[in-house]
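Take a look at the structure set out below.
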Amino acid sequence: MKPILSFTSREEQIKLRIPAGMPLGKIRTVLGDIHPSSLGLTLPHEHVMCDFIGAKSVDRSRYDRREVVRTMLPYLLETRQLGVTGFVDCTPAFIGRDPIALAELSRLRASTF
């Protein structure tokens, strides 16, 4: 199995305080891949939107993507002001994950999702 991350140099490992031997390379975001050192302070398990109606009934027609962005943006901007630059949305597709809304929020918030 190919490692998800791989180091570019031992100096980089030391700078980032990452133990020797631990792989490092890139982080996949909704806006594209970034270097791990670009991620910064991160909220590691969040949900922008969840629809608990049930996997068989979840559908994009049940919500307005623009309203999700309008509703969530102020909260995400507040986290940005507090120094949070990364946000991991752990919402599974079967309860409403919307990568397009996440990408829009990431662009508007100037952070990493």
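What's the number of the only condition in (1) within 18 Å of residue 86 (Cα to Cα); (2) modelled with pLDDT of 90 or more; (3) touching a helix residue (DSSP H, G or I) at 6+ places or on another chain (Cβ under 8 Å) that residue 16 fails to meet?
(2)
For the stretch 42-54, give me each residue that is surrounded by 11 or more Cβ atoms within 10 Å (Cβ to Cβ), out of contact with any Cys (no Cβ under 9 Å at 6 or more places or on another chain) and touching a residue at least 12 places away in the same chain (Cβ under 8 Å).
Across the stretch 42-54, the qualifying residues are 42, 43, 48, 49, 50, 51.
Just to be sure I understand, how many residues within the stretch 64-97 are within 12 Å of the chain's Cα centre (by Cα) and in a loop (DSSP other than H, G, I, E, B)?
5
The values are calculated or read from the model by the stated rules, or taken from the named source; none is laboratory data. As the structure is a prediction and not an experimental result, all values here were calculated from the model. Virtual Cβ from ideal backbone geometry, glycine too; neighbours counted across all protein chains shown.
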